[in-house]
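A short reminder: the numbers here are calculations on the coordinates, not readings from a lab. All figures in this text were calculated on a predicted structure; none of them were measured in a lab. Positions of Cβ are backbone-derived with ideal geometry, glycine not excepted, and every protein chain shown enters the neighbour counts.
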Amino acid sequence: MLRVVHGHLEGKDKMPAYANRGGDSNVASYEHGPGWIDVTFRDFSTNRYDDRSAGAASILTMQQLAQDGHGLNAYINTHVKKKYAAKVR
């Protein structure tokens, strides 16, 4: 299990921990910038999604869900699961 220390995942590159308000998410942390979002899952894999791979509207939605701490895992599984630009880890 991942450990959150001061709002970030221990041992990760200071990515903000995902709040997981629903309590059952596979998402552990995320980081984003203009036109992209990196999502780290509980198995420590990280996928980068960007405007070109998943579409700008999806990236904006994912960024908002990440900040809200609810619904990101479900959105990924339903809308963009294999539309990542790269596997970062």
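Scanning the stretch 33-89 for residues that are surrounded by fewer than 15 Cβ atoms within 10 Å (Cβ to Cβ) and touching a His at 6+ places or on another chain (Cβ under 9 Å) returns a single hit, GLN67. Restricting the first member to the stretch 77-89 and to residues that are within 12 Å of THR46 (Cβ to Cβ), and the second to residues that are in a loop (DSSP other than H, G, I, E, B), the beta-carbon pairs closer than 9 Å and six or more apart or on different chains are LYS87/SER45; VAL88/SER45; ARG89/PHE44; ARG89/SER45. Within the stretch 35-61, being in contact (Cβ under 8 Å) with a residue 24 or more places away in the chain and in contact with a Gly (Cβ under 8 Å, 6 or more places away or on another chain) holds for ASP50, ILE59.
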